[in-house]
1. For the range 76-96, which positions are outside any helix (DSSP H, G or I) and not charged (D, E, K, R)?
2. Yes or no: the range 238-245 includes at least one residue that is within 16 Å of the chain's Cα centre (by Cα) and buried (at least 23 other Cβ atoms within 10 Å of the Cβ).
3. For the range 309-330, give me each residue that is among the hydrophobic types (A, V, I, L, M, F, W, C) and either at pLDDT 80 or above or open to solvent by 30 Å² or more (accessible area, probe 1.4 Å) (or both).
4. For the range 41-62, which positions are over 17 Å from TRP387 (Cα atoms), open to solvent by 90 Å² or more (accessible area, probe 1.4 Å) and at pLDDT below 70?
5. When you look at ARG266, is it out of contact with any strand residue (DSSP E or B) (no Cβ under 7 Å at 6 or more places or on another chain) and open to solvent by 20 Å² or more (accessible area, probe 1.4 Å), yes or no?
6. Scan the range 91-112 for residues that are within 21 Å of LYS164 (Cβ to Cβ) and touching a Lys or Arg at 6+ places or on another chain (Cβ under 9 Å) and jot them down.
7. When you look at ARG301, is it surrounded by 12 or more Cβ atoms within 10 Å (Cβ to Cβ), touching a helix residue (DSSP H, G or I) at 6+ places or on another chain (Cβ under 9 Å) and basic (Lys, Arg), yes or no?
8. Taking the condition of being in a loop (DSSP other than H, G, I, E, B), open to solvent by less than 10 Å² (accessible area, probe 1.4 Å) and more than 15 Å from SER206 (Cα to Cα), how many residues in the range 331-343 meet it?
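The values are calculated or read from the model by the stated rules, or taken from the named source; none is laboratory data. Note that the structure is predicted; figures quoted are calculated from it, not measured. Cβ coordinates were reconstructed from backbone atoms using ideal geometry, including for glycine residues, and neighbour counts include every protein chain displayed. Only protein heavy atoms, including side chains, enter the accessible area calculation; ligands, DNA and RNA are left aside. Shrake-Rupley method; radii C 1.70, N 1.55, O 1.52, S 1.80 Å.
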Amino acid sequence: MNLKEGDNDLESINNALNNQNQQNVGVLNGKNDKNMFAPRSRKVENRASTRGSFRHPEKVIGVFGGTAWRKRDFLYSKGVIGLHQEIEHFYEYMSPTSTEHQIRGDVVHRIQKIIQSLWPEAQVQVFGSYRTGLYLPTSDIDLVVIGKWSNLPLRTLEKEFLNKDIADENSIKVLDKASVPIVKLTDKKTEIKVDISFNMSNGVKSAEFITQHMQKYPALKKLVYVLKQFLLQRDLNEVFTGGISSYSLILMCISFIQLHPRTDARLDSVNLGVLLIEFFELYGRKFNYMQTGIRIRDGGRYINKEEMQKDMVDGHRPSLLCIEDPLLPTNDIGRSSYGVLQVKRAFDHAYTVLSNAVSPLYENRERYSILGRIVCITDEVVRYRMWVEQEFGGLMKSPAASPTLQYTTQISPIVRPPRSLSSSGSTSSDCGGSSESSESPSR
């Protein structure tokens, strides 16, 4: 099997750190790491990435173990039940704290203030994962500026951000040749990345569309959290790095649930472990990327690409990952996803790994993490979240001091109250606390 480097890296992490489990528990409970909140020693484009760690996995998850979502005193079951429990706890751990949501509101407020000082009539709107609440700790903020210009003022905005010292010069990128021109920056105060586009109103409508389906399908948000992390750590979460966009991923999840043969897939009581494995099976092995397109509207169905091409404008041919835009049917959402076969291979590998891990015939290693075989949380991500809570947690104690509280409540995200991000129990990928065995569930 032609695996991505990232999958080999993760397997190396699993094997190298299994024996380190008990050593890390003290650190996870904040007992013996004096430099826990020290500034990060290096800044990287993707703190969550596990690629390139094949030789030294201890540098990636050597302190916190990679599975910080696992609860120390929780007895995890075997098989798909244990996997379901881990997905629930992963979602709980990775969901934004009140502080994490608050500082994003502050970033939006400061950028909005700068933009409207230049163009008072312009509107700044939030879309993407920040608006839906489906953002990971290191996710970007997506903003769109609505206004009237003969030429998009990308360079003007770049210059103003530098003048206002909101970002370092080397962290601002102007992508003026892209199909959707954007300004990318990293906020100097919070280290949060921001993408700013112009006059693309569909982004806000897309976020509202996702929110409606999150309410309709309770399992959607939890499934998306795991899959976004899965792609993020393999650097497959951006189309320009050979992956797929978050919007494409979410639409794939919606279609998967819509067309699932069992009605319980659309209920809150569904086994998330079974759902995750079946998602990987569908898009890693069974889905016909050559001939089939995905349609979400009207209850969802698969559509032949030849039929789909009849409605497409400008003579465009359906892409390999062909997803009809539910808001603009003539648009193919997956058009730019040139690296979808890499994503397919990663899904295929994950299906093999998880299917073996939950099998009753598999080696009896229930004390190790099942979910940790395909995803892990790097030490850099854990440290960054701790730094955020220490540096900005005081904002929540005096809401009146923040000008963004009124603004952020308009987004109505799913947020968790402040909590200790280092209190989870077990550590390394493929490692965890002991758990009592239970009956072997069937898929």
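1. Of everything in the range 76-96, those that are outside any helix (DSSP H, G or I) and not charged (D, E, K, R) turn out to be TYR76, SER77, SER95, PRO96.
2. Yes: one or more hits.
3. Answer for the range 309-330, where residues must be among the hydrophobic types (A, V, I, L, M, F, W, C) and either at pLDDT 80 or above or open to solvent by 30 Å² or more (accessible area, probe 1.4 Å) (or both): VAL313, LEU320, LEU321, CYS322, ILE323, LEU327, LEU328.
4. Answer for the range 41-62, where residues must be over 17 Å from TRP387 (Cα atoms), open to solvent by 90 Å² or more (accessible area, probe 1.4 Å) and at pLDDT below 70: just PHE54.
5. yes
6. Within the range 91-112, ILE103, ASP106, VAL107, ARG110 qualify.
7. Answer is yes for this residue.
8. Result for the range 331-343: 2.
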